[in-house]
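Working notes for the structure below.
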Amino acid sequence: MSDIDVLVSEVGPRDGLQSINTIMSTSDKKKWIKAEAEAGVREIEVGSFVPPKLLPQMADTADIVKYAKSLPNLTVAALVPNFMGAKNAIDAGVDKMCLPLSVSETHSKANLRKTHDEVLEEIKQIAEYIKTLDKSERPKFEGNLSTAFGCTIEGKVSEKDVISLAAKMMELGCDEVGLSDTTGYANPTQIKRLIRLLKQEVGDNNLTSMHLHNTRGLGLANALASLEEGITTLDSSLGGIGGCPFAPGASGNIVTEDLVFMLDSMGLKTGIDIKALIEVNRMVKTCLPDEELYGFTVDSGLPKGYSEGGWGAN
Ligand code: ZN
């Protein structure tokens with residue numbers, strides 16, 4: 001991480017693909033992941049270890065993890081909803097696992113069919129299981145606070161609840177916690193306040209990542225606010241693939257190409273070749289002809305005379 005300033009974590013193969021109707025073939029997923037890794041993306045959340053009955057789009061995740069592990073310089077991440085999922089993820093060889101806990105308990109019950117206590121129990125079991133593994137086989141285990149900035153069912157979410165649930169996740173053995181604006185409700189002021197409050201509770205080094213959606217167009221503003229508060233990992237999705245079932249026409253995660261363009265043009269190092277990334281977008285578009293892709297940089301092209309690493313000082 002030392003040679004880059006910001007780690008862009010691609011979540012399109014998980015968050016994007018699980019939110020659309022098209023089921024991408026295993027070979028297309030592999031092509032996408034390989035091309036993005038070759039463009040310099042260092043971390044990709046490649047899938048989710050959920051029962052295929054619930055999410056048939058993710059049925060091949062173990063196979064995808066094994067493939068992605070063969071690619072150089074790539075951290076292979078996956079989402080796990082529970083202990084069973086975590087065990088499968090570890091067997092497949094993931095480098096990093098994220099377990100989401102909805103701060104809104106109504107959302108948690110609707111999505112995972114679990115109360116907070118039940119999710120925390122799964123976290124405890126996972127952390128205990130990880131301790132039994134050889135150090136070389138232990139994946140990084142992140143507890144993710146989803147709906148941290150608001151919930152489509154409950155509306156406003158209490159910051160106190162975010163803080164106390166984060167503290168519990170750390171206590172139970174998560175390596176770190178991350179914040180998710182699952183619903184695209186956040187604004188930059190709120191982002192800054194919550195990061196500061198949460199860092200006071202868990203420490204600077206235990207909150208490094210932010211997961212943003214661009215539902216209301218505030219995604220990049222929120223990304224910048226996060227960076228200004230010391231966040232160093234930003235999740236994004238190629239072409240903003242994903243959408244939001246509650247906001248027709250809205251994109252999904254913040255768009256990887258636009259995020260990388262912003263960071264690169266500001267002179268922040270991501271390790272990613274923006275031109276190669278734009279080519280990946282074109283390839284993925286041909287794999288998903290019926291799905292809408294979002295973002296501005298691909299459509300508008302790079303500014304005239306743009307050279308990687310930003311414009312520098314005039
Ligand atoms: Zn998301």
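The values are calculated or read from the model by the stated rules, or taken from the named source; none is laboratory data. All of these numbers come straight from a predicted model, not from anything done at the bench. Here the Cβ is made from the backbone with ideal geometry for all residues, glycine too, and neighbour counts use every protein chain on show. Note: areas computed on protein heavy atoms with side chains; ligands, DNA, RNA excluded. Shrake-Rupley method; radii C 1.70, N 1.55, O 1.52, S 1.80 Å.
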Exercise. In this structure, does E176 turn out to be within 15 Å of N144 (Cβ to Cβ), surrounded by 16 or more Cβ atoms within 10 Å (Cβ to Cβ) and at pLDDT 95 or above?
Worked result: yes
Exercise. What number of residues in segment 1-42 are in contact with an Asp or Glu (Cβ under 8 Å, 6 or more places away or on another chain) and assigned to a helix (DSSP H, G or I)?
Worked result: 7
Problem set entry | Unmet criterion (only one of (1) free of Cβ contacts under 8 Å to residues at least 60 places away in the same chain; (2) closer than 30 Å to H116 by Cα; (3) touching a Pro at 6+ places or on another chain (Cβ under 9 Å)) for P52 | (3)
Exercise. Under 8 Å by Cβ, and 6 or more places apart or on different chains, what pairs join a residue from segment 184-204 that is under 22 Å from S251 (Cα atoms) and hydrophobic (A, V, I, L, M, F, W, C) with one that is open to solvent by 30 Å² or more (accessible area, probe 1.4 Å) and not in a helix (DSSP H, G or I)?
Worked result: A186/L218; I191/E229
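Here is a check on your reading of the model: is A77 open to solvent by 10 Å² or more (accessible area, probe 1.4 Å), of a type in the set (A, V, I, L, M) and under 19 Å from the mean Cα position of the chain (by Cα)?
no
Could you tell me whether any residue of segment 119-128 is touching a residue at least 40 places away in the same chain (Cβ under 8 Å), open to solvent by 30 Å² or more (accessible area, probe 1.4 Å) and among the hydrophobic types (A, V, I, L, M, F, W, C)?
No, segment 119-128 has no match at all.
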Exercise. Take the residues of segment 147-156 that are surrounded by fewer than 24 Cβ atoms within 10 Å (Cβ to Cβ) and of a type in the set (G, A, S): which is farthest from the chain's Cα centre (by Cα)?
Worked result: G155
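Of the residues in segment 1-46, how many are within 16 Å of the ligand (Cβ to nearest atom), farther than 26 Å from N205 by Cα and among the β-branched types (V, I, T)?
As a first pass, look at segment 1-46 and keep what is within 16 Å of the ligand (Cβ to nearest atom): 8-20, 43-46.
If we keep only those that are farther than 26 Å from N205 by Cα too, we end up with 13, 16-20.
When the remaining residues are screened for being among the β-branched types (V, I, T), the result is 20.
Adding up the residues that qualify gives 1.
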For this session: Please find, among E45, E105, the residue that is surrounded by 23 or more Cβ atoms within 10 Å (Cβ to Cβ) and either of a type in the set (D, E, K, R) or in contact with a Pro (Cβ under 6 Å, 6 or more places away or on another chain) (or both).
Result: E45
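Being of a type outside the set (A, V, I, L, M, F, W, C), touching a Gly at 6+ places or on another chain (Cβ under 8 Å) and away from the ligand (no atom under 16 Å from the Cβ): is that true of G309 here?
Details: of a type outside the set (A, V, I, L, M, F, W, C): yes; touching a Gly at 6+ places or on another chain (Cβ under 8 Å): yes; away from the ligand (no atom under 16 Å from the Cβ): yes.
Judged against the criteria, G309 is a match.
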Exercise. If you take just the strands (runs of 3 or more DSSP E) that sit entirely in segment 137-252, which of them hold at least 3 residues that are more than 13 Å from the ligand (Cβ to nearest atom) and closer than 27 Å to K114 by Cα?
Worked result: 140-146
